[in-house]
Amino acid sequence: MAKAEQLNDLLARLDKKRLPAHIAIIMDGNGRWATRRHLPRSAGHKAGMEALRQAVELCSEIGIHILTVYAFSTENWRRPADEVGFLMRLFIQYLEGEVALMNEQGIRLGFLGSREALPAAVLLALAQAQKSTAQNERMLLNIAVNYGGRDELARAIRSLALKVRDGQFSPEHINEQVIGAALDTAGAPDPELMIRTSGELRISNFLIWQAAYSELYFSDKLWPDFNKRDLLTAILDFQGRNRRFGRTEQQMAKD
Ligand code: FPP
């Protein structure tokens, strides 16, 4: 009861007109959550999946347009093979299990990352979930799997270089817009708020181009413990910040 009231109190303080259009989350701390409970790391990832469900539900409820989550980095392949295999199976389970709810709530699924090296079963589940939710317009849920910001930039630069080589446009036309349109997030606004859990203070190669002006929010909570109230608290913190984009306080006051 007290919890519900607290959530409602936080909701009441939310300024619905100043919601971040795009929130990015580095869901960190599943392994430590499990270790502290003397459980296998896989139990932490399972609990992390539940926390993701809660985050998606809250974003959908309050009207966040885009949520992008970091599920597996290009560096995560270095983990023990059984953990990598477990995570891949968990992604498939999540994708297959969530599609009906996504369609009910008008959520479209997006994918960020390199398809290279992903198991065929994951690619199939992604393709099916994307196809099944393609017409939904209320919210976009981007899942970053086999994603690295530097890898994304390298892929984008390669695709632009090929276009230049094929005479489709000249190097003079390459600007920030062209680069943005060649990234996995093409067409989406940059994240206004980037959250990382588990007390680590870095962005670990996540959306390194797109996060240039993101407000960063770090929580000490481990991802499986990060609940709706924590997410709302992060959004409220964002709403209290002064975003100047290089302009002065005086200029902002005139607008
Ligand atoms: C980081 O915690 C988390 C991951 C590498 C995996 C993220 C996956 C989930 C949240 C599961 C659900 C996701 C989907 C898309 C179904 P960590 O394992 O690095 O934790 P540690 O730093 O404490 O070891």
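Do you know which of the residues in the stretch 115-140 that are of a type outside the set (D, E, K, R) and touching a Gly at 6+ places or on another chain (Cβ under 8 Å) is nearest to Val99 (Cα to Cα)? By that ranking, first place goes to Gln130. Note on the stretch 1-25: residues that are within 16 Å of the ligand (Cβ to nearest atom) and out of contact with any Leu (no Cβ under 8 Å at 6 or more places or on another chain) amount to 0.
If we keep just the residues of the stretch 26-40 that are in contact (Cβ under 8 Å) with a residue 40 or more places away in the chain and near the ligand (Cβ under 6 Å from one of its atoms), which is surrounded by the fewest Cβ atoms within 10 Å (Cβ to Cβ)? Of everything passing the filter in the stretch 26-40, Arg32 is surrounded by the fewest Cβ atoms within 10 Å (Cβ to Cβ). In this structure, Phe169 does satisfy being modelled with pLDDT under 95 and in contact with a helix residue (DSSP H, G or I) (Cβ under 7 Å, 6 or more places away or on another chain).
Results for (1) within 16 Å of the chain's Cα centre (by Cα); (2) of a type in the set (A, V, I, L, M), shown as yes or no for each residue.
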| residue | (1), (2) |
| --- | --- |
| Leu52 | yes, yes |
| Val56 | yes, yes |
| Cys59 | yes, no |
| Ile62 | no, yes |
| Leu67 | yes, yes |
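Residues in the stretch 176-188 that are closer than 13 Å to Trp209 by Cβ and not hydroxyl-bearing (Ser, Thr, Tyr): Glu176, Gln177, Val178, Ile179, Gly180, Ala181, Ala182, Leu183, Asp184, Ala186, Ala188. Within the stretch 58-106, restricting attention to residues that are part of a loop (DSSP other than H, G, I, E, B) and of a type in the set (Gly, Ala, Ser), the residue that is nearest to the ligand (Cβ to nearest atom) is Gly106. Scanning the stretch 205-226 for residues that are within 14 Å of the ligand (Cβ to nearest atom) and either within 18 Å of Ala156 (Cβ to Cβ) or part of a loop (DSSP other than H, G, I, E, B) (or both) gives Asn205, Phe206, Ser219, Asp220, Lys221, Leu222, Phe226.
The values are calculated or read from the model by the stated rules, or taken from the named source; none is laboratory data. Since this is a predicted model, take the numbers as computed values, not measurements. A quick note on method: Cβ atoms are made from the backbone with ideal geometry, for glycine too, and the neighbour counts reach across all protein chains shown.
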